[in-house]
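Following: one structure in structure tokens, then a few remarks.
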Amino acid sequence: MRLITPEHPLIDHKLTVLRNRDTPQPVFRQLVEELMTLLAYEATRDIAVEPVQVETPVATTVGTRLKAPLPLVVPILRAGLGMLEGMTKLLPTAEVGFLGMVRDEQTLQPTTYAKRLPDDLSDRACYVLDPMLATGGSIIGAIDYLFEQGAKSVTAISILAAPQGLQAVTDHFADRDVTVVVGSVDEGLNEKSYIVPGLGDAGDRLYGTVD
Ligand code: PRP
Ligand code: URA
């Protein structure tokens, strides 16, 4: 597993506002989207491209275009949905698949309640979006599924991660092409396996409480 933590003062600034418990929901949503775009810039650095001829008003030259098959972006519902717009701003031609997952707050095991993505992911670069990588269970479950469907490489993008979760991803995908891009590696997890200092419950802060 390859870990990328892009260093940028704007990421730090936006993260600080995001962490603040008093940041209102509309600002929180906007910041998740903006942070996603900043992280996407690094996450797509190795995206597959091919040369293409282009006619400018002045001359013919050779440029670059994304190579087929097009990448697949997979937000993990709910909270990953808040990152989708920030990703597709940078990759407007990417296709989008959806995985609905929820972590049981007692056992910490993730359950998948929705799957809507292409059957065959052979040779496709996949980008999994989930703002929180806490124990790592949800992201590991999502990446496992994409590999089962034939994905060739998977990049997971999270706003915050805990060291324990990153270690779990490293151990689980020792022999696979997995990259994790995170805005910050935080101190750890609390007794409820929330990221510390973290930002609280990302889904609730984006969309409100469900129960
Ligand atoms: C949160 C978060 C991740 C998961 C992280 O989702 O968005 O998917 O928990 O925890 P883990 O790394 O320990 O698996 P949650 O289950 O709260 O669902 P939600 O997005 O619908 O709020
Ligand atoms: N899920 C969240 O939304 N936040 C955490 O800190 C951990 C899991």
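The values are calculated or read from the model by the stated rules, or taken from the named source; none is laboratory data. Source: prediction; values computed, not measured. Positions of Cβ are generated from backbone atoms using ideal geometry, with glycine treated the same way; all protein chains shown enter the neighbour counts. Heads up: the accessible areas ignore ligands, DNA and RNA and are worked out on the full protein's heavy atoms, side chains in. Shrake-Rupley method; radii C 1.70, N 1.55, O 1.52, S 1.80 Å.
A few notes on this one:
- Lysine pairs in the chain whose alpha-carbon atoms fall under 21 angstrom of each other, counting only those eight or more residues apart or on distinct chains, come to 4.
- Residues 62, 169, ordered by accessible area of protein heavy atoms at a 1.4 angstrom probe radius and largest first, appear as 62, 169.
- Accessible area per residue in Å² at 1.4 Å probe, computed on the chain: 52
- Using alpha-carbon coordinates, inclination of helix 9-19 to the longest axis of the chain, degrees: 40
- Over the residues of the chain, the helix contribution to mean residue ellipticity at 222 nm works out to -10000 deg cm²/dmol, using -39500 (n - 2.57) for each DSSP H run of at least 4.
- Region 23-62 versus region 115-164: alpha-carbon centroid distance in Å: 20
- Of the listed residues 102, 128, the order by accessible area with a 1.4 Å probe, largest first, is 102, 128.
- Magnitude of the charge dipole for the chain, about its Cα centre and with charges confined to Cβ atoms of Lys, Arg (+1) and Asp, Glu (-1), is about 320 debye.
- Residue order by solvent-accessible surface for 78, 21, 205 is 21, 78, 205, largest first, with ligands and nucleic acids left out and a 1.4 Å probe.
- When the Cα positions of 196, 75, 5 are compared along the charge dipole of region 2-207, 75 comes out farthest toward the positive end, with charges on each C-beta of Lys, Arg, Asp and Glu.
- Sulfur and carbon atoms: percent of accessible area, the chain [1.4 Å]: 51
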